[in-house]
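Single-structure report; data block below.
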Amino acid sequence: MKERFSKLLLGEDMSGGGKGVSTAAAISNAITNLYATVFGSCHRLEPLPVEKRSMWRREMDCLLSVCDYIVEFFPSKEVLPDGTAREVMATRPRPDIYVNLPALEKLDDMLLEILDGFQKTEFWYLNDKGHKDSSDDSAPCRPASHRGEERWWLPVPCVTKLGLTESARRDLRQKHDCASQIHKAAMAINNGILAEIKIPESYTQTLPKCGRASVGDAIYRHMSFPGKFAPEYLLDCLEISSEHEALEAADRVEAAMHVWRRKANHGHSRSPWSAVKDLMESDKNVMLASRANDVLLCLKQRFPGLSQTTLDASKIQHNKDVGQAILESYSRVLESLAYTIVTCIDDVLFADESATKI
């Protein structure tokens, strides 16, 4: 732990020359790296090994302890022994930390509890060559995966020829629903924190002058249509088939959204007619920005494992607020863990469905 905090204080610059990253970036990287160390190889539905669980708890407790000292001041009254009251400045936890940190810790506990529930299962895993990893040879297995060539390196679950029992199937679905809700909650917290982080000037300078140029004519026509807007229909028309295409579309739509927001906030006029014209353009920009935000949310729902957009990565890199850095990185890794559990359960349910169809 001395080494851990030394790296944080040095900003990961081990030369001590003061050329390291900010404290916020250092602690964000520390949480991300800790998650990769503990859960990076978590591709199976099984309890977390004791030593890794202990490492996660111990080091996260230390990293999160910084939040105990992030406070805000507020006026209060203090009564002296002689009964005299005087005004003082008291401290309390910062509102964003007070609300979000306990919620994230609860989600953390729930995810580990879900993993603990896979001590005795009716499924096991094969390696990529089709050889059984488990020592249980009592029943023939039937491997199946809906991933195809995608993520071929992940272990493939298998079940007996008769599939899972009804109770095991019901338990899996309950865990799947719980993990899905945790994923949505962590994503909502992460989106909220990222929305509060200031947009870096370096990102603003790269924005195009026109939002239409960013999204392209096809998307712009759908978004500027005066009637009812359906982001799901727009995404159906785009026929996005991979996370790479989804991330590219998200970057373009997000850039256009901020262009339109900036234009909506810059309403300068010189004459009555220009004032009316500016108001009309402002209303249109507000509508386009709102619709772009709807498209972004819909994209993230369709591709829950979507990587960070260019803006999100830029915000994380340039953010100087330690409290926001902790909340953002903690919610991001919990979101990732919840998504991993959901996809692993989907694999098992797919194997069970494949077995029962034959």
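Look at Met1 and say whether it is in contact with a helix residue (DSSP H, G or I) (Cβ under 8 Å, 6 or more places away or on another chain) and without any contact (Cβ under 8 Å) to a residue 12 or more places away in the chain. The answer is no for Met1. Restricting the first member to the range 84-98 and to residues that are open to solvent by 70 Å² or more (accessible area, probe 1.4 Å), and the second to residues that are outside any strand (DSSP E or B) and aromatic (Phe, Trp, Tyr), the beta-carbon pairs closer than 9 Å and six or more apart or on different chains are Arg92/Tyr98.
Where residues in the range 185-221 are basic (Lys, Arg) and surrounded by fewer than 13 Cβ atoms within 10 Å (Cβ to Cβ), which of them is nearest to Tyr98 (Cα to Cα)? The extreme case among them is Lys198.
In this structure, does Asn285 turn out to be touching a helix residue (DSSP H, G or I) at 6+ places or on another chain (Cβ under 8 Å), open to solvent by 30 Å² or more (accessible area, probe 1.4 Å) and not charged (D, E, K, R)? Here the answer is no, as Asn285 does not meet what is asked.
Of all the criteria given as (1) under 27 Å from the mean Cα position of the chain (by Cα); (2) surrounded by 12 or more Cβ atoms within 10 Å (Cβ to Cβ), the one not satisfied by Leu10 is (1). Looking only at the range 73-83, residues that are among the charged types (D, E, K, R) and open to solvent by less than 50 Å² (accessible area, probe 1.4 Å) come to 0 in all. Filter the range 151-184 for residues that are more than 16 Å from Leu115 (Cα to Cα), open to solvent by 20 Å² or more (accessible area, probe 1.4 Å) and among the small types (Gly, Ala, Ser) and give the result. Ser167 - this is the single residue of the range 151-184 that is more than 16 Å from Leu115 (Cα to Cα), open to solvent by 20 Å² or more (accessible area, probe 1.4 Å) and among the small types (Gly, Ala, Ser). Number of residues in the range 241-267 that are farther than 16 Å from Cys210 by Cα and touching a Lys or Arg at 6+ places or on another chain (Cβ under 8 Å) equals 2.
Here Ser214 does not qualify as part of a helix (DSSP H, G or I) and either in contact with a His (Cβ under 8 Å, 6 or more places away or on another chain) or of a type in the set (Lys, Arg) (or both). Residue check: is Ser241 out of contact with any Leu (no Cβ under 8 Å at 6 or more places or on another chain), outside any helix (DSSP H, G or I) and modelled with pLDDT under 90? Yes.
Take the conditions (1) in a strand (DSSP E or B); (2) within 20 Å of the chain's Cα centre (by Cα); Arg86 misses just one of them, which is (2). Determine the pairs where a residue that is open to solvent by less than 70 Å² (accessible area, probe 1.4 Å), located within the range 42-71, has a partner that is among the aromatic types (Phe, Trp, Tyr) with Cβ atoms under 6 Å apart, the partner being 6 or more residues away or on another chain. Listed by first residue and then by second, the contacts come to Leu45/Phe118. Exactly one residue out of Ala313, Ala355 is open to solvent by less than 30 Å² (accessible area, probe 1.4 Å), part of a helix (DSSP H, G or I), of a type in the set (Gly, Ala, Ser) and out of contact with any helix residue (DSSP H, G or I) (no Cβ under 6 Å at 6 or more places or on another chain), and it is Ala355. For Arg291, the conditions (1) buried (at least 16 other Cβ atoms within 10 Å of the Cβ); (2) basic (Lys, Arg); (3) under 19 Å from Ser202 (Cα atoms) all hold with the exception of (3). Note on the range 22-51: residues that are closer than 25 Å to Gln308 by Cβ and touching a Ser or Thr at 6+ places or on another chain (Cβ under 9 Å) total 10.
Each row is one residue, and each column tells you yes or no for (1) aromatic (Phe, Trp, Tyr); (2) part of a helix (DSSP H, G or I); (3) within 23 Å of Thr343 (Cβ to Cβ); (4) modelled with pLDDT under 90.
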residue	(1), (2), (3), (4)
Ser135	no, no, no, yes
Trp152	yes, no, yes, yes
Lys161	no, no, no, yes
Arg169	no, yes, yes, no
Ala179	no, yes, yes, no
Ala185	no, yes, yes, no
Ile189	no, yes, yes, no
Ile193	no, yes, no, no
Pro226	no, no, no, yes
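The values are calculated or read from the model by the stated rules, or taken from the named source; none is laboratory data. Given the structure is predicted, the values throughout are model-derived calculations rather than measurements. Cβ: placed from backbone, ideal geometry, glycine included. Neighbour counts: every protein chain shown. We work out accessible area using only protein heavy atoms, side chains counted, and drop any ligands, DNA or RNA first. Shrake-Rupley method; radii C 1.70, N 1.55, O 1.52, S 1.80 Å.
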